[in-house]
Amino acid sequence: MRVNCVVEKGSDGLFAVYSEDHIGKSYFGGFGESVSEAKEDFLASIREAIEEESREGNKVPRFEDIRVCYHYDVPSFFNYFDFINVSKFAAYAGINESKMRAYKSGIAYPGEKMTARILKAARTIGADLSTVLL
């Protein structure tokens, strides 16, 4: 089973992970002061849904068979991948450093074209890293 979810930073500074996917009548959601905490809470809600639906006698997938796909907003992306140097990432992506910092903090949000540029840079880095041998 594939679960698609959104990870975003709220106006209160907390992070949320939520999905329209569900198991039976049980939906999933998680919150935390960091993306890691919110993701842990989200995964716990999936486990709880499996237990609840199983107790009710409904057929449920095994937790191990669930693949969660995360769709991050920019502040959540940089919170979770906090080892990425924002200044260097901005230069790599060809984006103004101060704009990138505003996107990271959630003060400003990138438009569609800028989001595509950020995603392309992240995926290019990932592809480059996947070919590394040490």
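A compact table of results
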| item | result |
| --- | --- |
| Number of the condition not met by Ser87 [criteria: (1) over 20 Å from the mean Cα position of the chain (by Cα); (2) in a loop (DSSP other than H, G, I, E, B)] | (2) |
| Among residues of the range 9-38, those that are within 15 Å of the chain's Cα centre (by Cα), open to solvent by 30 Å² or more (accessible area, probe 1.4 Å), aromatic (Phe, Trp, Tyr) and under 14 Å from Val68 (Cα atoms), counted | 1 |
| Residue that is farthest from the chain's Cα centre (by Cα), among those in the range 50-73 that are among the aliphatic types (A, V, I, L, M) and at pLDDT 95 or above | Ile50 |
| Yes/no for Lys88 being open to solvent by 60 Å² or more (accessible area, probe 1.4 Å), in contact (Cβ under 8 Å) with a residue 24 or more places away in the chain and farther than 22 Å from Val17 by Cβ | no |
| Selection from the range 55-83 of residues that are surrounded by 13 or more Cβ atoms within 10 Å (Cβ to Cβ), in contact (Cβ under 8 Å) with a residue 60 or more places away in the chain and not in a helix (DSSP H, G or I) | Pro61, Ile66, Val68, Tyr70, His71, Tyr72, Asp73 |
| Candidate set from the range 95-123 (those that are open to solvent by less than 50 Å² (accessible area, probe 1.4 Å) and in a loop (DSSP other than H, G, I, E, B)); member that is nearest to Phe77 (Cα to Cα) | Gly106 |
| Those residues of the range 39-54 which are acidic (Asp, Glu) and open to solvent by 30 Å² or more (accessible area, probe 1.4 Å), in sequence order | Glu40, Asp41, Glu48, Glu51, Glu52 |
| Test: Asp128 is surrounded by fewer than 17 Cβ atoms within 10 Å (Cβ to Cβ) and part of a loop (DSSP other than H, G, I, E, B) | no |
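The values are calculated or read from the model by the stated rules, or taken from the named source; none is laboratory data. This one's a predicted model, so the numbers in the text were calculated from it and none came from an experiment. Cβ sites come from the backbone with ideal geometry, for glycine too, and all protein chains shown count toward neighbours. These area figures cover heavy atoms from the full protein model, side chains too; ligands, DNA and RNA do not enter into them. Shrake-Rupley method; radii C 1.70, N 1.55, O 1.52, S 1.80 Å.
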